[in-house]
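Enquirer: Take this structure, written in structure tokens, and hold onto it; I'll ask about it next.
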């Protein structure tokens, strides 16, 4: 079983699970300190730009994020190595946080954000970038679709949902920020390789 998990994926999943279990016994303490609060909120602290990604809103939330991280992140870690994968994941987490804060500043939102979804969306983007023709089955529709089409469609749904303000308990723009961070990180790496740095 341990062979299924690459080192970085295993570490990220274990850290997320450990923090979630602490959440369950600590009440509101961990979210107050480590969730991502809006910039103008008195509970906002700079470290929340990263720590929010290790908190979750419930068992379904953490299961879906960790399952997606395992399913799509493993191939990327084998391609890049553990250090580069973790760096990429954290870049996406940070870009998701910055995007969410910008949107909240415009809308005056007061709610905190938790979850690794921004980082996971960056991982989805990278998987589709490097393995675009890999077929995925999106339940409940049992029709295989290429990864590039799945991620493109998912991004469009997130953009529509964010603009239409559907599912207001979901940070759609944080998801899109994670995608954006993934794109910028990959383009930066490609430009360095092109110019021989």
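Where a number appears in this text, it was derived from the coordinates with a stated rule and is not lab data. Keep in mind the model is a prediction, meaning the values are calculated, not measured. Note: ideal-geometry Cβ built from the backbone for every residue, glycine included; neighbour counts use all protein chains shown.
Enquirer: Could you list 161, 95 so that the one with the fewest beta carbons within 10 Å of its beta carbon is first and the one with the most is last?
Expert: 161, 95
Enquirer: Something else now. Most fluctuating residue of 186, 13, 143 in a GNM of the chain with Cα springs under 10 Å: which is it?
Expert: Highest fluctuation among the options: 143.
Enquirer: Decide, for the range 26-138, between rounded, prolate and oblate: order the square roots of the alpha carbon gyration tensor eigenvalues as a ≥ b ≥ c, take rounded if a/c falls under 1.5, and otherwise choose prolate if a/b is larger than b/c, else oblate.
Expert: It is prolate, given that a/c is not under 1.5 and a/b is the larger ratio.
Enquirer: Now for a different question. Classify the range 95-149 as rounded, prolate or oblate from the Cα gyration tensor: take a ≥ b ≥ c as the square roots of its eigenvalues, call it rounded if a/c is under 1.5, otherwise prolate when a/b beats b/c and oblate if not.
Expert: Here the range 95-149 falls in the prolate category.
Enquirer: Next up: Expressed as a rounded percentage, what relative contact order does the chain have, with Cα pairs under 8 Å and six or more residues apart?
Expert: This gives 24 percent for the chain.
Enquirer: Highest GNM mean-square fluctuation, the chain, Cα pairs closer than 10 Å: which of 124, 29, 43?
Expert: 29
Enquirer: Round to a whole angstrom and tell me the spacing of the C-alpha centers of the range 93-115 and the range 121-197.
Expert: Taking the Cα centre of each part, the range 93-115 and the range 121-197 sit 19 Å apart.
Enquirer: Could you give the spread of the C-alpha atoms of the chain along their three principal axes, from largest to smallest, in whole angstroms?
Expert: Its Cα atoms span 45, 44, 38 Å along the three principal axes.
Enquirer: What ranking of 66, 71 emerges when the number of other C-beta atoms within 10 Å of each C-beta is taken as an exposure proxy, fewest first?
Expert: Final ranking by Cβ density, sparse to dense: 71, 66.
Enquirer: Among 133, 74, 10, which comes first, second and so on when ranked by fewest other beta-carbon atoms within 10 Å?
Expert: 133, 10, 74
Enquirer: Also, I was wondering about something else. Classify the range 1-45: rounded, prolate or oblate, from the alpha-carbon gyration tensor (a ≥ b ≥ c, eigenvalue square roots; a/c under 1.5 rounded; otherwise prolate if a/b is larger than b/c)?
Expert: Cα axes put the range 1-45 in the oblate bin.
Enquirer: Which of 54, 20, 121 moves the most in a Gaussian network model of the chain with Cα springs under 10 Å?
Expert: Highest fluctuation among the options: 20.
Enquirer: Tell me the mean residue ellipticity at 222 nm calculated for the chain from its helices only (DSSP H runs of n ≥ 4, each -39500 (n - 2.57), averaged over every residue, nearest 500).
Expert: It lands at -22500 deg cm²/dmol.
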